[in-house]
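A.B. asks: Just dropping this structure here.
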Amino acid sequence: MSVTASSSESPAAAPPGVLAIFLLFLRIGLLSFGGGLTGWVFREVVVLRGWIVEDEFMSGMALGQILPGTNITNLAVYIGQRLRGPAGSAAAFLGLLSGPFVAVLLLASVYGVLKQLPHSAEAMDGIAAAAIGLLLVVAMRGARRVSKKPAGAVALVATFAGVAIFHVPFLLVVLMVGPLSVAAAWFGGVADAG
Amino acid sequence: MRDDVPLALIAVFVPFSLVSIGGGTSILAGIQHQAVDVHHWVTSREFVDLFAISRAAPGPGSMLTTLIGWHVGGLAGALIATLSLFVPSSLLCYGVAAVWRRHRGKRWHSALEQGLTPVGIGLILAGALSILSLSGGGALSYGLAFGSAALLTWRPKVHPLLLFVLGGSIAVAVHMVRA
């Protein structure tokens, strides 16, 4: 398996083994606090290991968000499928969830004590904010990429503004912006890009 | 655990798995209603505590489901609840991902991909903003988030755990100076 980052087409000849996939997602699951999981996966899978290329990652990320289910488990299933088929997906899924499963039960067992520690709430807020930074890096890279096409930039801003500023329900925004954005790509000469 | 609990956990969480479009936060209110009002698995107070624990632990926020299962049915309950919430949506995602990959390069696939990617990124940004506004840190949280993003852009190999330690320490230090 390749440990170095690859900037060209993903190394389909030597995808990582099932155990390597399991161990990587186990680590991501255990070390990921506060909601920046997509950022972690991007860093480990694309930036550090080059298992898949950035385009494929962004495509899987969009798919994972639009389908039901937690974004991060969907992304893990997608990446596992891409690398090793059913076994890869199962490895990524089990790796991602088994660590947090144990951790959350352990934390629940000692919760009463932890709540008494001074400044625990502030520390958690700070950790969560730093984790959001990881997520912002992926979002900003993706934003730069899709904004090369005017329609992409419009769809991005419309989605963000609809959900974050105007508080339109998620599903409604996806149903309104999604088809328009896909149509714009279809009529905007997408055939060359395929 | 009572005999009817495993089935009830499955009956509640499997449907939630398949409607949780937009991730775990979209089904939070529904889970609260089922767990507190309908099935009386936890009280309101316990629900809030379990929510806080799931936010403090690593992993997806939906691990709240694990805690509800654990509360009502021990380790077996935790396993059943977790699998009920995560497996159905993952199977669906697997099927879609497999089809998705097989059609790579076709025009409709490229149009869908190009059209949906900006939507996905918009949602990520909106999600990041909503977590920041929910957290108790206020402007400090925004500063820490953008600071850590800037640091990561400048030095991509900085270990995230170092960022977390920095973020937590700065938040506590600022709080102590203010107080």
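A.B. asks: Most exposed first by the Cβ proxy, i.e. fewest other Cβ within 10 Å, how do B:ASP49, A:ASP125, B:ASP4, A:ASP55 rank? Working shown, then result.
C.D. replies: Working: B:ASP49 18, A:ASP125 26, B:ASP4 9, A:ASP55 13.
In increasing order of surrounding Cβ atoms, one gets B:ASP4, A:ASP55, B:ASP49, A:ASP125.
A.B. asks: Please give the FRET efficiency for B:VAL38 paired with A:ALA161, using the beta carbon to beta carbon distance and R0 = 25 Å, rounded to the nearest 0.05.
C.D. replies: On the way: r = 36 Å, r/R0 = 1.44.
Efficiency, from the Cβ-Cβ distance: 0.10.
A.B. asks: For chain B, which DSSP H helices look membrane-span-like by this rule: Cα extent along the axis of 30 Å or more and mean Kyte-Doolittle of at least 0.0?
C.D. replies: On the way: long enough: B:64-102 (42 Å, 1.21); B:107-134 (41 Å, 0.99).
Long hydrophobic helices here: B:64-102, B:107-134.
A.B. asks: Cut-off is 10 Å between beta-carbons; in what order do A:ILE127, A:ILE21 appear when sorted fewest neighbours first?
C.D. replies: Numbers: A:ILE127 25, A:ILE21 28.
Fewest to most other Cβ atoms nearby, the residues stand as A:ILE127, A:ILE21.
A.B. asks: Oh, and also: Need the list of lysines near B:LYS157 for cross-linking: C-alpha distance under 27 angstrom, and skip anything on the same chain fewer than eight residues off.
C.D. replies: Answer for B:LYS157, where 27 Å is the Cα cut-off: A:LYS148, listed by chain and number.
A.B. asks: Quick one, could you list the DSSP H helices from chain A stretching 30 Å or more along their long axis (Cα atoms) with average Kyte-Doolittle hydropathy of 0.5 or above?
C.D. replies: Numbers: long enough: A:71-114 (43 Å, 1.17); A:120-146 (39 Å, 1.06).
Both cut-offs are met by A:71-114, A:120-146.
A.B. asks: Right, here's the next one. Please work out whether chain B counts as rounded, prolate or oblate from its C-alpha gyration tensor, where a ≥ b ≥ c are the square roots of the eigenvalues and a/c under 1.5 means rounded, while otherwise a/b larger than b/c means prolate and anything else oblate? Write out the running numbers ahead of the final one.
C.D. replies: Working: a/c = 2.31, a/b = 1.11, b/c = 2.09.
Oblate is the answer for chain B, as a/c is 1.5 or above yet b/c matches or exceeds a/b.
A.B. asks: Sticking with this structure for a sec: Please name whichever of B:ILE121, B:VAL14, B:VAL87 sits farthest to the positive end of the charge dipole of chain B, dipole taken about the Cα centre and charges placed at Cβ: Lys and Arg +1, Asp and Glu -1.
C.D. replies: Going by the Cα projections, it comes out as B:ILE121.
A.B. asks: Against the 2.2 N^0.38 Å scaling, with N counting residues, where does the protein assembly as shown land? I'd like the Cα-based Rg ratio to two decimal places. Intermediate results must be reported in sequence, preceding the final value.
C.D. replies: On the way: Rg = 20.1 Å, N = 373, 2.2 N^0.38 = 20.9 Å.
Computed over Cα atoms of the protein assembly as shown, the ratio equals 0.96.
A.B. asks: Taking 8 Å as the Cα distance limit and 6 or more residues as the minimum spacing, I'd like the relative contact order of region A:18-116 as a percentage.
C.D. replies: Numbers: 104 pairs, mean separation 37.5, N = 99.
Contact order relative to length: 38 percent.
A.B. asks: Can you tell me which of B:ALA149, B:ALA52, B:ALA76 moves the most in a GNM of chain B? Springs connect C-alpha atoms under 10 Å apart.
C.D. replies: Maximum among the listed residues: B:ALA149.
A.B. asks: With a/c under 1.5 counting as rounded, go ahead and sort region B:1-102 into rounded, prolate or oblate using the C-alpha gyration tensor (a ≥ b ≥ c being the square roots of the eigenvalues; past the cut-off, prolate if a/b is larger than b/c, else oblate). If you can, show how the numbers build up before the last one.
C.D. replies: On the way: a/c = 2.01, a/b = 1.59, b/c = 1.26.
In terms of gyration-tensor shape, prolate.
A.B. asks: Here's a follow-up. Give the shape of region A:23-160 as rounded, prolate or oblate, defined through the alpha-carbon gyration tensor: a ≥ b ≥ c are the square roots of its eigenvalues, a/c under 1.5 means rounded, and otherwise the shape is prolate if a/b is larger than b/c and oblate if not.
C.D. replies: Values: a/c = 2.38, a/b = 1.38, b/c = 1.72.
Here region A:23-160 falls in the oblate category.
A.B. asks: Residue by residue through A:74-82, how many Cβ atoms from other chains fall within 10 Å of the Cβ on average?
C.D. replies: Taking the mean over all residues of the peptide, I get 5.
A.B. asks: Then there's this: Mind giving me the nanometre distance, one decimal, between the label points for A:LEU180 and B:VAL19, set 7 Å out from Cα along Cα→Cβ?
C.D. replies: 2.8 nm
A.B. asks: I'd like the FRET efficiency for B:LYS157 and A:ALA87, computed as 1/(1 + (r/R0)^6) with the beta carbon distance as r and R0 of 25 Å, rounded to 0.05.
C.D. replies: Details: r = 30 Å, r/R0 = 1.20.
Calculated transfer efficiency: 0.25.
A.B. asks: Neighbour counts of other C-beta atoms within 10 Å: give me B:ARG2, B:ARG55 arranged from fewest to most.
C.D. replies: On the way: B:ARG2 8, B:ARG55 18.
The order, fewest Cβ neighbours first, is B:ARG2, B:ARG55.
Values in this text are rule-based calculations from the coordinates and carry no lab data. Here the structure is a predicted model, which is why all the values come from computation and not from measurement. Glycine also receives a Cβ, built like all others from the backbone with ideal geometry; neighbour counts cover every protein chain displayed.
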